[in-house]
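**Q** Before we start, here is the structure in question, set down as structure tokens.
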Amino acid sequence: MRSNLNRFSVAPMLDLTDKHCRYFHRILTKETLLYTEMVTTGAILLGKGDYLAFNDIEKPVSLQLGGSDPDALAKCAKLAEERGYNEINLNVGCPSDRVQNGMFGACLMGNAQLVAKCIEKMREKVNIPVTVKTRIGIDDQDSYPFLCQFIETVMPYTDTFIIHARKAWLSGLSPKENREVPPLDYQRVYQLKRDYPNLTIAINGGIKTVAEIKDHLLHVDGVMVGREAYQNPLLLTEIDQQIFHVDNPIIDAFTAIKTLYPYIEDQLTKGAQLNHIMRHTLSLFNGQKGAKQWRRYLSENAHKKGAGIEVVDKALTFLNQ
Ligand SMILES: Cc1cc2nc3c(=O)[nH]c(=O)nc-3n(C[C@H](O)[C@H](O)[C@H](O)COP(=O)(O)O)c2cc1C
């Protein structure tokens, strides 16, 4: 039977989906697959920090790797498997200049053989799934046959592709523009699933509601949501029941924050800064009375030296419970 892992996921987002964010999201949804930010092989193998740190509670969690050296990727994949990650994902979709200089991200779409080699090497080293996140094309290489050729070159080594349903312009557009300007083409992703029915295809890009997620799932195996999940985290509270058909209780925003308390306190004792945790929760109460004061109070106080749980206590008093 096809694995459920990719049925719904929160997208990898640099500077956003860090371990605090994922812990918070896990309180809202038990079933969703959570992605790390992209972590480069260089950071893991040469960096000083522990770039693979995560909390068991975040599971299922997928490590997104950025890189194009098959051996380095294989080493990182192995380390990640040993640490307990549930999936490794290769970034073949990020268009930033920095990433292009390192010859990885979206520009790898133009070198399908290398992507295949990278996946093959990783697969030799690990038993967990190794998946690819990519786009429907790059620059003028945006035809359907180009996409098919990419998929066919890589699919001997992985059967799971997450496709951001727009192409990337590698020069001229900023990463932000590359998430907004090239038009979305969901039909092309649906077509891919029709033409390669044995592959697991997840769709990504511009998806905002449970109704939209359900609609996409009529055509493909999975849906990945990025910005909307971050900006409207309550969306995640509906996913277990509506998308996974698992009868987990739906948590309200206030309870979600209270459930986060032990984590906040534990992290503070380990030297974390309150604002680094709370920034991911700022939009949780959007639409409710007091939401603005909640955001403002945290924004003005959570970064202060020594800020502790009492800041969250106070911020909650602005909300109607
Ligand atoms: C702030 C930000 C950072 C991102 N960082 C990554 C990343 O590290 N790796 C990646 O594959 N995609 C990254 N993306 C792209 C998202 O994963 C996703 O493909 C894109 O936002 C489209 O989905 P959405 O419309 O649901 O947000 C990033 C997007 C945003 C907004």
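**Q** What pairs come up if the first residue lies in segment 250-278 and is open to solvent by 60 Å² or more (accessible area, probe 1.4 Å), the second is at pLDDT 95 or above and among the hydroxyl-bearing types (Ser, Thr, Tyr), and their beta carbons are under 9 Å apart, counting only those six or more places apart or on different chains?
**A** Once the first residue is open to solvent by 60 Å² or more (accessible area, probe 1.4 Å) and sits in segment 250-278, its partners that are at pLDDT 95 or above and among the hydroxyl-bearing types (Ser, Thr, Tyr) give Ile250/Thr237; Asp252/Thr237.
**Q** For segment 123-137, enumerate the residues that are more than 16 Å from the ligand (Cβ to nearest atom) and open to solvent by less than 20 Å² (accessible area, probe 1.4 Å).
**A** Once the filter is applied, which keeps residues that are more than 16 Å from the ligand (Cβ to nearest atom) and open to solvent by less than 20 Å² (accessible area, probe 1.4 Å), segment 123-137 yields only Val126.
**Q** Which of the residues belonging to segment 279-299 are crowded, with 19+ Cβ neighbours inside 10 Å and in a loop (DSSP other than H, G, I, E, B)?
**A** Those that are crowded, with 19+ Cβ neighbours inside 10 Å and in a loop (DSSP other than H, G, I, E, B): Leu282, Leu284, Phe285.
**Q** To continue, here is another question. Among the residues of segment 254-278, what is the count of those that are assigned to a loop (DSSP other than H, G, I, E, B) and of a type in the set (D, E, K, R)? Show your work before the answer.
**A** In the first step, residues of segment 254-278 are kept if they are assigned to a loop (DSSP other than H, G, I, E, B); the result is 270-273.
Pick out the ones that are also of a type in the set (D, E, K, R) and you get 270.
The qualifying residues number 1.
**Q** Next question, about the same structure. Could you list all residues from segment 118-165 that are without any contact (Cβ under 8 Å) to a residue 12 or more places away in the chain and not charged (D, E, K, R)?
**A** Ser143, Pro145, Phe146
**Q** Does Ile239 fit the bill of being within 15 Å of the ligand (Cβ to nearest atom) and touching a Ser or Thr at 6+ places or on another chain (Cβ under 6 Å)?
**A** yes
**Q** Return yes or no: is Phe8 more than 27 Å from Asp97 (Cβ to Cβ), within 11 Å of the chain's Cα centre (by Cα) and either away from the ligand (no atom under 14 Å from the Cβ) or aromatic (Phe, Trp, Tyr) (or both)? Show your work before the answer.
**A** On the way: more than 27 Å from Asp97 (Cβ to Cβ): yes; within 11 Å of the chain's Cα centre (by Cα): yes; either away from the ligand (no atom under 14 Å from the Cβ) or aromatic (Phe, Trp, Tyr) (or both): yes.
Against the criterion (more than 27 Å from Asp97 (Cβ to Cβ), within 11 Å of the chain's Cα centre (by Cα) and either away from the ligand (no atom under 14 Å from the Cβ) or aromatic (Phe, Trp, Tyr) (or both)), Phe8 qualifies.
The values are calculated or read from the model by the stated rules, or taken from the named source; none is laboratory data. These numbers come from a predicted model, not from an experiment. Every residue, glycine among them, receives a Cβ derived from its backbone with ideal geometry; neighbour counts consider all protein chains shown. Accessible surface areas use protein heavy atoms only, side chains included; no ligands, DNA or RNA. Shrake-Rupley method; radii C 1.70, N 1.55, O 1.52, S 1.80 Å.
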